[in-house]
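Q: Would you mind keeping the following structure in view while I ask a few things?
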Amino acid sequence: QVQLHESGGGLVQDGGSLRLSCAASGRTLSMYVMGWFRQAPGKEREFVAVIDRTGTYAVSADSVQGRFTISRDNAENTVYLQMNSLKHGDTDDYCCAAGGGDLVDAAFDYWGQGTQVTVSS
């Protein structure tokens, strides 16, 4: 079993930036396709970004395109989400996930506990 632990969330002003980290333990992170998701209370989980096992390719949701960047450092067993130009609508609980499959159709089996991002207006 791999355990995922997110960090880096917090309160940021509109237009500001945050860098989320997802550190893995128990397994080598390079085994997994990694993704970031977000969820607001009472709403469905929303896809944010996904990155392949080597970090060569990544796909981001249209809603964050040009503002958020997913990356990974397998040597550090960590996946990142750099969030720039944050808007009030980005206020959500952000979770990282690990799974098999591929970039287009990943099956996420492991999830972190989440880190809260709040963007003040």
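Q: Please list, in chain and number order, the residues 5+ apart from Gly16 or on another chain whose amide H is under 5 Å from its amide H, with Hs placed from the backbone.
A: Sorted by chain and number, the residues that satisfy this are Leu86.
Q: On to the next question. Tabulate in residue order the Karplus-calculated ³J(HN,Hα) for segment 43-56, using 6.51 cos²θ - 1.76 cosθ + 1.60 with θ = phi - 60°, rounded to whole Hz; enter x for Gly and Pro.
A: So the J values, rounded to whole Hz, are 10, 6, 5, 10, 5, 10, 6, 9, 9, 6, 5, 9, x, 6.
Q: Treat every Asp and Glu Cβ in the chain as -1 and every Lys and Arg Cβ as +1, leave all other atoms uncharged, and give the resulting dipole magnitude about the Cα centre to the nearest 20 debye. Before the final figure, lay out the partial values.
A: Numbers: 9 positive and 14 negative charges, 35 e Å.
Its charge dipole is roughly 160 debye.
Q: Shifting gears a bit: Extent of segment 72-121 along each principal axis, from alpha carbon coordinates, in Å, largest to smallest?
A: Ordered largest first, segment 72-121 gives principal extents of 38, 23, 21 Å.
Q: For the charge dipole of the chain, defined by +1 on Lys and Arg C-beta atoms and -1 on Asp and Glu C-beta atoms about the Cα centroid, which residue among Gly9, Leu29, Ile51 has the Cα displaced farthest towards the positive pole?
A: The residue sitting most towards the positive pole is Gly9.
Q: Amide H to amide H under 5 Å from Tyr110: which residues, 5+ apart in sequence or cross-chain, H placed 1.01 Å off N in plane?
A: Ala98
Q: Which residues' amide hydrogens lie under 5 Å from the amide hydrogen of Thr91, considering only partners 5 or more residues apart or on another chain, with H built in the peptide plane?
A: Amide H to amide H, under 5 Å and 5 or more residues apart or across chains, Thr91 pairs with Val119.
Q: At a probe size of 1.4 Å, how large is the accessible area of Tyr110, to the nearest 10 Å²?
A: 50 Å²
Q: Then there is this: Hey, if we sort Arg38, Arg72, Arg45 by accessible area with the 1.4 Å probe, largest down, what's the order?
A: Details: Arg38 15, Arg72 35, Arg45 125 Å².
Listed by decreasing accessible area, they come as Arg45, Arg72, Arg38.
Q: First compute the accessible area of the chain with a 1.4 Å probe, then give the percent of it belonging to carbon and sulfur atoms. Numbers along the way, then the final one.
A: Details: 2900 of 6250 Å².
Ligands and nucleic acids excluded, carbon and sulfur give 46 percent.
Q: While we're here: Under Stokes-Einstein, with the Kirkwood radius over Cα pairs standing in for Rh, what whole-number D in µm²/s applies to segment 54-97 at 20 °C and 1.002 mPa s?
A: On the way: Rh = 11.7 Å.
It comes out at roughly 182 µm²/s.
Q: Over the heavy atoms of Thr54, what accessible area does a 1.4 Å probe trace out, to the nearest 10 Å²?
A: Roll a 1.4 Å probe over it and Thr54 shows about 100 Å².
Q: Sort Arg67, Arg27 from largest to smallest accessible area, using a 1.4 Å probe on the heavy atoms of the protein chains. Kindly include the intermediate steps, with their values, before the conclusion.
A: Numbers: Arg67 45, Arg27 110 Å².
The residues order as Arg27, Arg67, largest area first.
Q: Hey, what's the chain come to in accessible area per residue, 1.4 Å probe, Å²?
A: Working: 6250 Å² over 121 residues.
Result: 52 Å² of accessible area for each residue.
Q: Give me a comma-separated list of calculated 3J(HN,Hα) values for segment 71-83, in order, Karplus coefficients 6.51, -1.76, 1.60 applied at θ = phi - 60°, integers in Hz, x for any Gly or Pro.
A: Once rounded to whole Hz, the list reads 8, 8, 10, 5, 5, 9, 6, 9, 10, 10, 9, 7, 10.
Q: Give the accessible area for Asp73 in Å² (nearest 10); use a 1.4 Å probe, count only protein heavy atoms, and leave out ligands, DNA and RNA.
A: In the full protein context, Asp73 sits at about 60 Å².
Q: Taking only the Cα atoms of segment 1-56, how large is their convex hull per residue, in Å³?
A: Details: hull volume 6.7 nm³, N = 56.
Spelled out: Cα convex hull of segment 1-56, divided by residues, is 120 Å³.
Q: For every other residue with a beta carbon closer than 13 angstrom to the beta carbon of Leu29, add +1 if it is Lys or Arg and -1 if Asp or Glu, then tell me the sum. Kindly include the intermediate steps, with their values, before the conclusion.
A: On the way: positive: Arg27, Arg53, Arg72; negative: Asp52, Asp73, Glu76.
Computed value for this residue: 0.
Q: Further question on the same structure: For segment 107-117, take each phi angle, set θ = phi - 60°, evaluate the Karplus expression 6.51 cos²θ - 1.76 cosθ + 1.60, and give the result in whole Hz per residue in order, putting x for glycine and proline.
A: Going residue by residue, I get 10, 8, 9, 10, 10, x, 7, x, 9, 7, 10 Hz, with x marking Gly and Pro.
Q: Work the Kirkwood hydrodynamic radius out for the chain: mean of 1/r over every pair of different alpha-carbon atoms, inverted, in Å.
A: Working: mean 1/r = 0.0709 Å⁻¹.
Over the chain, the inverse of the mean reciprocal pair distance is 14.1 Å.
The values are calculated or read from the model by the stated rules, or taken from the named source; none is laboratory data. Note that the structure is predicted; figures quoted are calculated from it, not measured. So basically every Cβ, Gly included, is an ideal-geometry build from the backbone, and we count neighbours across all protein chains shown. The area values use the complete protein model at the heavy-atom level, side chains included, leaving out ligands, DNA and RNA. Shrake-Rupley method; radii C 1.70, N 1.55, O 1.52, S 1.80 Å.
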